[in-house]
Amino acid sequence: MKLILVGFMASGKTSVSQFLGRKLDVPVLDLDREIERQSRKTIPEIFAAGGEESFRLIEHQVLAGLQDFPGILATGGGTPLREDNRQLLKDSGAPIVLLQASPQVTFSRLHKQSGRPLADTLSEEGIAELQQKRQASYDQCTDLVINTDELTVSEIADRVVGLLG
Ligand code: S3P
């Protein structure tokens, strides 16, 4: 892999990966979309059928199959929570960039989108709590951090390219 983007829901992983893929002319893969493709179910359907536990297992299996993917990978917001997933990400040898956004910005972005079972009932306070709970897992596998609150997708992409040299 060339680059891995991690971060909380709505931190910009998907948009930035697509932008960078076009800019650098490399393939892009979104882990959630790949999970949906392989399981032939949407993310909400997977959660409805087997809960978060079953989603995490499928997520791990799909991630494990991507070690030879030669492009940019946008992970899901919960991918780094499992130790074995963090190890897979690190073992890929690709730089891992954490995109961060404040609870306020995350809340407003999430309310313009749908299809995230874990976000459906989250208040701004709930987002702040979940972000805090996940921070150590993100930090454990991250090489670079970019705060995306004030940045456009193209500015984030420029920063990623600049930081990676
Ligand atoms: C999740 C984030 C989602 C998706 C699933 C669970 C999470 O991905 O993998 O709904 O636990 O944060 P995005 O970060 O792309 O929304």
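I need every pair where a residue in the stretch 114-126 that is in contact (Cβ under 8 Å) with a residue 60 or more places away in the chain and of a type in the set (D, E, K, R) has its Cβ under 7 Å from the Cβ of a residue that is near the ligand (Cβ under 8 Å from one of its atoms) and in a loop (DSSP other than H, G, I, E, B), sequence separation at least 6 or different chains. Within 7 Å, the pairs are 116/9.
Is it true that residue 123 is among the small types (Gly, Ala, Ser), surrounded by 13 or more Cβ atoms within 10 Å (Cβ to Cβ) and at pLDDT below 95? Here the answer is no, as residue 123 does not meet what is asked.
Residue 90 fulfils the conditions (1) modelled with pLDDT of 95 or more; (2) over 27 Å from residue 23 (Cα atoms) except for a single criterion, (2). Among the residues in the stretch 105-114, are any out of contact with any Ser or Thr (no Cβ under 9 Å at 6 or more places or on another chain), in a helix (DSSP H, G or I) and at pLDDT 95 or above? No: the stretch 105-114 contains no residue that is out of contact with any Ser or Thr (no Cβ under 9 Å at 6 or more places or on another chain), in a helix (DSSP H, G or I) and at pLDDT 95 or above.
Every condition in (1) more than 19 Å from residue 145 (Cα to Cα); (2) not in a helix (DSSP H, G or I) is met by residue 22 except one, and the failing one is (2). Annotation: of all residues in the stretch 34-43 being surrounded by 14 or more Cβ atoms within 10 Å (Cβ to Cβ) and of a type outside the set (Ser, Thr, Tyr), the one that is farthest from residue 149 (Cα to Cα) is 41.
Filter the stretch 101-123 for residues that are of a type outside the set (S, T, N, Q), more than 9 Å from the ligand (Cβ to nearest atom) and within 13 Å of residue 8 (Cβ to Cβ) and give the result. Full working, then the answer.
If we filter the stretch 101-123 for residues that are of a type outside the set (S, T, N, Q), which is where we start, we get 101, 103, 105, 107, 109-112, 115-120, 122.
With more than 9 Å from the ligand (Cβ to nearest atom) added as a condition, the list becomes 101, 103, 105, 107, 109, 111-112, 120, 122.
Those that are of a type outside the set (S, T, N, Q), more than 9 Å from the ligand (Cβ to nearest atom) and within 13 Å of residue 8 (Cβ to Cβ): 101, 103, 105, 107, 109, 122.
Out of all the residues in the stretch 137-158, is one or more within 15 Å of residue 9 (Cα to Cα), without any contact (Cβ under 8 Å) to a residue 12 or more places away in the chain, part of a helix (DSSP H, G or I) and not acidic (Asp, Glu)? No, the stretch 137-158 contains no residue that is within 15 Å of residue 9 (Cα to Cα), without any contact (Cβ under 8 Å) to a residue 12 or more places away in the chain, part of a helix (DSSP H, G or I) and not acidic (Asp, Glu). Within 17 Å of residue 73 (Cβ to Cβ) and touching a strand residue (DSSP E or B) at 6+ places or on another chain (Cβ under 9 Å) - does that describe any residue in the stretch 149-160? Taking every residue of the stretch 149-160 in turn, at least one turns out to be within 17 Å of residue 73 (Cβ to Cβ) and touching a strand residue (DSSP E or B) at 6+ places or on another chain (Cβ under 9 Å). Of the residues that make up the stretch 86-96, is at least one exposed (fewer than 13 other Cβ atoms within 10 Å of the Cβ) and over 23 Å from residue 133 (Cα atoms)? Scanning the stretch 86-96, I find at least one residue that is exposed (fewer than 13 other Cβ atoms within 10 Å of the Cβ) and over 23 Å from residue 133 (Cα atoms), so the answer is yes. Candidates in the stretch 56-74 are the residues that are touching a residue at least 24 places away in the same chain (Cβ under 8 Å) and assigned to a helix (DSSP H, G or I); of these, the one that is farthest from the ligand (Cβ to nearest atom) is 64. Scanning the stretch 11-41 for residues that are within 12 Å of the ligand (Cβ to nearest atom) and on the phi > 0 side of the Ramachandran plot gives a single hit, 12.
Looking only at the stretch 53-80, how many residues end up being over 28 Å from residue 22 (Cβ atoms) and either buried (at least 17 other Cβ atoms within 10 Å of the Cβ) or in contact with a Pro (Cβ under 8 Å, 6 or more places away or on another chain) (or both)? Quick ask: steps written out before the conclusion?
Just the residues of the stretch 53-80 that are over 28 Å from residue 22 (Cβ atoms), to begin with: 53-58, 60-61.
From what's left, either buried (at least 17 other Cβ atoms within 10 Å of the Cβ) or in contact with a Pro (Cβ under 8 Å, 6 or more places away or on another chain) (or both): 55-56, 58.
Result for the stretch 53-80: 3.
The values are calculated or read from the model by the stated rules, or taken from the named source; none is laboratory data. As the structure is a prediction and not an experimental result, all values here were calculated from the model. Virtual Cβ from ideal backbone geometry, glycine too; neighbours counted across all protein chains shown.
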